[in-house]
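Scroll down for the structure; my scribbles are underneath it.
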Amino acid sequence: MTEEVKAPKKEKIPRQKMPEQKPEVRRHNFDEVPLGYTPELAMKEAERCIQCKDPRCIPGCPVEVDIPGFIKLIKEGDFEGAIRKLWEKNALPAVCGRVCPQEVQCEGLCVIGKKDQPVAVGNLEKFAADYQRLHGRDVLPPKAAPTGKKVAVVGSGPAGLTVAGDLILKGHDVHIFEALHGPGGVLLYGIPEFRLPKAIVAAECNYLEKLGCTIEVNAVIGRSETVDELLERFDAVFLGVGAGLPMFLSIPGEHYIGVYSSNEYLTRSNLMKAYDFPNYDTPIVRGKNVATFGGGNVAMDSARTALRLGADHSYIIYRRSLEEMPARKEEIHHAEEEGVEFMFLTAPVRFLGTEDGFLTGVECLRMELGEPDASGRRRPVTIPGSEFVVEIDTAVISIGSNANPLLTKSTPGLVLNKWGNIVADPKTGKTMKPRVWAGGDIVTGAATVILAAGAGRIASNSIHDFLTYGW
Amino acid sequence: MFEIVERQELAQGTIISNWIKAPKIAAKAKPGQFVILRANEKGERIPLTMADTDPEKGLINIIYMVIGKSTALFKTLQVGDSFLDVIGPLGAATHLEKVGKVICVGGGTGIAVLHPITRGLKDMGNHVFSVIGARSKELLIMEDRMKAVSDELMICTDDGTYGHKGFVTDKLKETLEKHKDIGLAVCIGPVPMMRACCNVTKEYNVHTLVSLNPIMVDGTGMCGCCRVRVGGQMKFACVDGPEFDGHQVDFDELNLRLRSYLPEEKVSYDQFKAAQGHQCTCGS
Ligand SMILES: Cc1cc2nc3c(=O)[nH]c(=O)nc-3n(C[C@H](O)[C@H](O)[C@H](O)COP(=O)(O)OP(=O)(O)OC[C@H]3O[C@@H](n4cnc5c(N)ncnc54)[C@H](O)[C@@H]3O)c2cc1C
Ligand SMILES: Cc1cc2nc3c(=O)[nH]c(=O)nc-3n(C[C@H](O)[C@H](O)[C@H](O)COP(=O)(O)OP(=O)(O)OC[C@H]3O[C@@H](n4cnc5c(N)ncnc54)[C@H](O)[C@@H]3O)c2cc1C
Ligand code: SF4
Ligand code: FES
């Protein structure tokens with residue numbers, strides 16, 4: 001498209017499109033959907049940023065990355081400088097560039113977005129991180145002299161990885177304990193390959209090991225060792241165990257074969273690589289008609305995984321309407337493009353199955369939106385007599401996660417709120433138990449990668465102060 | 001890596017016993033707890049109970065029946081070979097207390113699961129009656145080890161090749177009839193056996209523990225795969241169990257969910273057997 005430019009003003013550059021795999025191709029594979037900016041595309045997109053004196057984007061970022069700063073470096077072709085700028089505030093830019101809800105954070109506030117599409121901050125972040133991983137020099141940042149202090153980090157999700165990365169550079173000894181057989185938390189077992197390649201998660205963890213962190217997998221703290229036992233061996237303990245307790249719908253028929261929690265469905269597919277069964281040993285039901293219940297990122301990931309496992313129909317069944325869906329806009333858009341079918345204002349009532357237990361359908365009710373509830377979202381109310389049946393052979397329940405009590409129940413002295421989340425000071429990450437810090441989903445309830453990473457940064461500063469000054 | 005230091009084939013090679021080096025787990029494990037094992041990078045996470053531990057030597061003992069791809073793969077591991085992952089101890093430990101007289105009933109590989117619990121009950125000072133059973137004499141395991149931890153051991157085989165001819169429920173009923181003061185029954189084995197035992201103990205109003213074996217993935221309460229219905233409520237066997245009040249368990253639901261992957265399991269096992277059959281040198 002050639003635009004006539006009348007004014008002698010600088011030519012307006014449109015937002016540079018991210019090259020992507022075509023929907024009809026990618027719905028059958030697990031490869032990453034966006035292909036990534038080339039250096040040329042990235043530099044062109046970076047030029048769109050007008051380097052605001054008082055940038056609106058920065059306050060929109062939970063960890064306050066110097067956004068114009070790193071974008072300027074990309075514009076100048078200094079990609080290594082750009083990644084360093086990002087690292088100042090964010091330990092996991094390759095991940096965040098891919099999974100942050102930019103449209104409600106930095107990009108949602110970008111001044112360019114008022115009249116045009118905002119600067120593609122997320123895409124640029126991803127570019128800088130990928131460029132460094134693929135072409136960057138393999139130099140490790142300088143480490144402070146050893147302090148002789150030892151820190152245990154429980155859980156290897158974004159919160160734990162951030163704490164570990166920060167404290168190892170400050171000269172402390174860091175030991176990560178992870179319950180599963182691989183590190184990364186939700187980044188490994190939850191978010192699918194097509195959205196966050198596992199090679200990136202592995203690279204982040206390898207980097208920590210190169211810096212000198214010990215990562216011990218298969219260590220279920222609370223069972224294999226208690227927090228109190230860790231406190232005997234370590235000077236400080238950080239708890240970043242996530243929100244791993246799946247919620248079910250509590251409707252009849254949830255035991256039928258083919259009914260999954262999204263945690264199980266995604267863990268089988270991602271962590272256990274059931275999509276490659278029988279090459280890998282773990283099986284998964286490959287439904288022809290799959291319904292996912294929920295409207296968040298987890299639901300989109302499940303519905304899109306179902307397509308890739310060979311479903312003819314993959315439905316999202318959601319109680320409210322499109323506007324209320326909490327998923328990232330890009331995920332909803334990608335899901336639609338790939339052929340996920342949305343059924344809004346619909347609530348499941350019971351599952352139906354055969355005598356020998358195989359799922360055959362779900363009975364649903366139609367809803368309409370009533371008055372706004374406490375969260376400000378309009379509350380869905382059922383329309384009596386509107387029952388109908390959707391024929392399905394697989395169901396994925398994706399309505400949220402609660403705090404997993406395995407560790408908290410075995411740790412006297414921790415104070416929990418009424419939902420079972422650990423109470424921690426938001427300014428320091430300190431819990432009510434001496435020498436124990438916590439952050440991420442186990443404190444806030446299921447949230448986002450960047451909030452978990454941000455909580456990790458806050459806690460690591462506080463832990464460092466404690467180890468250095470005693471408070 | 002978790003090395004196998006001792007290996008035995010029991011019941012004509014249908015059941016395998018391994019002692020595995022896992023010092024951290026051995027130091028912590030209590031009766032009733034299990035581990036999850038993975039043989040290699042492509043392997044499934046397989047839950048198995050610890051039939052015994054040796055904390056001093058840092059060893060754990062697993063005893064498993066070869067029934068599908070993963071257990072057949074485990075069987076190929078020899079002394080000196082290692083499991084890639086062993087995770088545990090998992091599950092809640094058995095609540096052991098002095099009741100007075102107790103009866104422990106085990107069928108098949110359930111005897112392996114029953115063994116540490118029986119010993120625990122014996123160590124607490126209980127008078128222990130034990131009943132163990134198998135289809136026939138060659139398939140019976142752990143007779144000596146059960147004898148060592150029981151005051152009275154009864155044996156049943158379906159075909160009468162050893163001990164009482166009939167099911168373990170016969171001896172269970174007989175013993176409960178004779179000793180009206182038995183305060184606790186622990187029944188562990190195949191689902192139909194546990195269900196039958198519970199029907200008997202219900203008649204005598206004897207509190208009964210069973211150990212459930214639903215399909216699992218993580219074993220930490222994260223996935224919900226192991227959900228079972230107990231007293232009308234959903235429980236996760238890997239963290240809330242695996243032991244439950246047998247009179248409250250919905251065995252129908254458990255049975256049904258255990259069949260979730262029958263077609264896939266067959267594909268997987270057939271492929272494995274075919275690969276074992278052709279004597280290749282590819283090393284995989
Ligand atoms: C499918 C899915 C998609 C998502 N998509 C997005 C997205 O697009 N954008 C976004 O911002 N957020 C997304 N999220 C949310 C985001 O992933 C989480 O908010 C974030 O990972 C929380 O980080 P965390 O460090 O608190 O915990 P987690 O990532 O949950 O990691 C916790 C780790 O601790 C381990 N652990 C638990 N208990 C123990 C124990 N007792 N001992 C040892 N280790 C233990 C767990 O195994 C796990 O590895 C998604 C979540 C899911 C499930
Ligand atoms: C807490 C617990 C303790 C157990 N302890 C023992 C033990 O001490 N000795 C023993 O012989 N067996 C034990 N089992 C059962 C054992 O885990 C299964 O026999 C094994 O997983 C079968 O795997 P497979 O690939 O060889 O067979 P498959 O062909 O895959 O499966 C055969 C049957 O085993 C069950 N099964 C399959 N996969 C799993 C899984 N991931 N988790 C649980 N069950 C599965 C299913 O019912 C299936 O139909 C235990 C199970 C649980 C949950
Ligand atoms: S608000 Fe937009 S244009 Fe302004 S500095 Fe931030 S990214 Fe650049
Ligand atoms: S095995 Fe996943 S919750 Fe029990």
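A few points about this structure:
- Highlighted here are the strands (runs of 3 or more DSSP E) found entirely within the stretch A:378-440 that include at least 2 residues which are of a type in the set (A, V, I, L, M, F, W, C), surrounded by fewer than 17 Cβ atoms within 10 Å (Cβ to Cβ) and touching a strand residue (DSSP E or B) at 6+ places or on another chain (Cβ under 7 Å): A:388-391.
- Qualifying residue in the stretch B:265-281 (condition: assigned to a helix (DSSP H, G or I), within 21 Å of the chain's Cα centre (by Cα) and of a type outside the set (Gly, Ala, Ser)): yes
- The residues in the stretch B:127-144 that are in contact (Cβ under 8 Å) with a residue 40 or more places away in the chain and either surrounded by fewer than 21 Cβ atoms within 10 Å (Cβ to Cβ) or assigned to a helix (DSSP H, G or I) (or both) can be counted, and the count is 2.
- Index of the failed condition, residue B:260 passing every other in (1) part of a helix (DSSP H, G or I); (2) more than 16 Å from ligand 1 (Cβ to nearest atom); (3) in contact (Cβ under 8 Å) with a residue 40 or more places away in the chain; (4) outside the structural domain of residue B:113 (by TED's automatic domain parsing): (1)
- Members of the stretch A:75-89 that are charged (D, E, K, R) and assigned to a helix (DSSP H, G or I): A:75, A:80, A:84, A:85, A:88, A:89
- Some residue of the stretch B:61-83 being facing another protein chain (nearest Cβ under 9 Å), surrounded by 16 or more Cβ atoms within 10 Å (Cβ to Cβ) and within 17 Å of the chain's Cα centre (by Cα): yes
- Residue in the stretch A:41-67 that is nearest to ligand 2 (Cβ to nearest atom), counting only those that are crowded, with 22+ Cβ neighbours inside 10 Å and more than 23 Å from the chain's Cα centre (by Cα): A:42
- Exactly one residue among A:462, A:375, A:386 is assigned by TED's automatic domain parsing to the domain that holds residue A:326, within 26 Å of the chain's Cα centre (by Cα), more than 16 Å from ligand 3 (Cβ to nearest atom) and among the small types (Gly, Ala, Ser), and that residue is A:375.
- Checking residue A:122 against (1) within 10 Å of ligand 1 (Cβ to nearest atom); (2) of a type outside the set (D, E, K, R); (3) buried (at least 21 other Cβ atoms within 10 Å of the Cβ), the condition it does not meet: (1)
- Looking at A:382, A:428, A:408, just one residue is away from chain B (no Cβ under 14 Å), among the polar types (S, T, N, Q) and closer than 30 Å to residue A:238 by Cβ, and that residue is A:428.
- When the stretch A:282-313 is filtered for residues that are surrounded by 24 or more Cβ atoms within 10 Å (Cβ to Cβ) and free of Cβ contacts under 8 Å to residues at least 24 places away in the same chain, only A:282 remains.
- Residue B:195 vs. criteria of a type in the set (Lys, Arg) and more than 13 Å from every other protein chain (Cβ to nearest Cβ): yes
- When restricted to residues that are away from chain A (no Cβ under 14 Å) and either assigned to a loop (DSSP other than H, G, I, E, B) or not β-branched (Val, Ile, Thr) (or both), the stretch B:48-60 contains 7.
- Some residue of the stretch B:85-94 being more than 14 Å from every other protein chain (Cβ to nearest Cβ), touching a residue at least 24 places away in the same chain (Cβ under 8 Å) and over 18 Å from the mean Cα position of the chain (by Cα): no
- Among (1) within 12 Å of ligand 1 (Cβ to nearest atom); (2) at pLDDT 95 or above; (3) within 10 Å of chain B (Cβ to nearest Cβ), the one test that residue A:227 misses: (3)
Residues checked against (1) within 19 Å of residue A:191 (Cα to Cα); (2) within 8 Å of chain B (Cβ to nearest Cβ):
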residue	(1), (2)
A:244	yes, yes
A:248	no, yes
A:265	yes, no
A:268	yes, yes
A:287	no, no
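- Residue count, the stretch B:210-229 (criterion: buried (at least 22 other Cβ atoms within 10 Å of the Cβ) and part of a strand (DSSP E or B)): 4
- Some residue of the stretch A:341-362 being over 30 Å from residue A:24 (Cα atoms) and aliphatic (A, V, I, L, M): yes
- For the stretch B:65-103, filtering for residues that are part of a helix (DSSP H, G or I) and either acidic (Asp, Glu) or within 16 Å of ligand 4 (Cβ to nearest atom) (or both) leaves 1.
- Among the candidates B:32, B:88, residue that is touching a Gly at 6+ places or on another chain (Cβ under 7 Å), at pLDDT below 95 and farther than 17 Å from residue B:9 by Cβ: B:32
- Residue check for residue B:161: assigned to a helix (DSSP H, G or I), of a type in the set (S, T, N, Q), more than 16 Å from ligand 3 (Cβ to nearest atom) and more than 28 Å from residue B:88 (Cα to Cα): no
For every residue, the table says whether it meets (1) closer than 25 Å to residue A:406 by Cβ; (2) within 14 Å of chain A (Cβ to nearest Cβ); (3) modelled with pLDDT of 95 or more.
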{"residue": "B:157", "(1), (2), (3)": "no, no, no"}
{"residue": "B:164", "(1), (2), (3)": "no, no, no"}
{"residue": "B:180", "(1), (2), (3)": "no, no, no"}
{"residue": "B:187", "(1), (2), (3)": "no, no, yes"}
{"residue": "B:223", "(1), (2), (3)": "yes, yes, yes"}
{"residue": "B:230", "(1), (2), (3)": "yes, yes, yes"}
{"residue": "B:238", "(1), (2), (3)": "yes, yes, yes"}
{"residue": "B:245", "(1), (2), (3)": "yes, no, yes"}
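For (1) farther than 21 Å from residue A:454 by Cα; (2) surrounded by fewer than 20 Cβ atoms within 10 Å (Cβ to Cβ), each residue gets a yes or a no:
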| residue | (1), (2) |
| --- | --- |
| A:196 | no, no |
| A:202 | no, yes |
| A:212 | yes, yes |
| A:218 | yes, no |
| A:223 | yes, no |
| A:241 | no, no |
| A:260 | yes, no |
| A:265 | yes, no |
| A:275 | yes, no |
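- The numbered conditions (1) within 16 Å of ligand 2 (Cβ to nearest atom); (2) outside any strand (DSSP E or B) are all true for residue B:198 except (1).
- Wholly enclosed strands (runs of 3 or more DSSP E) of the stretch A:150-224 bearing at least 2 residues within 14 Å of chain B (Cβ to nearest Cβ): A:173-177, A:214-216
- Residue pairs meeting the criteria (Cβ under 6 Å; at least 6 apart or on separate chains; first polar (S, T, N, Q), in the stretch A:46-57; second within 6 Å of ligand 3 (Cβ to nearest atom)): A:51/A:68
- Subset tally (residues that are under 12 Å from the mean Cα position of the chain (by Cα) and assigned to a loop (DSSP other than H, G, I, E, B)) for the stretch A:91-106: 3
- Of all residues in the stretch A:225-248, those that are more than 16 Å from ligand 4 (Cβ to nearest atom) have Cβ atoms under 8 Å from Cβ atoms of residues that are in a strand (DSSP E or B) and hydroxyl-bearing (Ser, Thr, Tyr), 6 or more apart or on another chain, in A:239/A:431.
The values are calculated or read from the model by the stated rules, or taken from the named source; none is laboratory data. Not measured: the values here are computed from a predicted model. Neighbour counts are summed over all protein chains in view; Cβ atoms, including those assigned to glycine, are modelled from backbone coordinates with ideal geometry.
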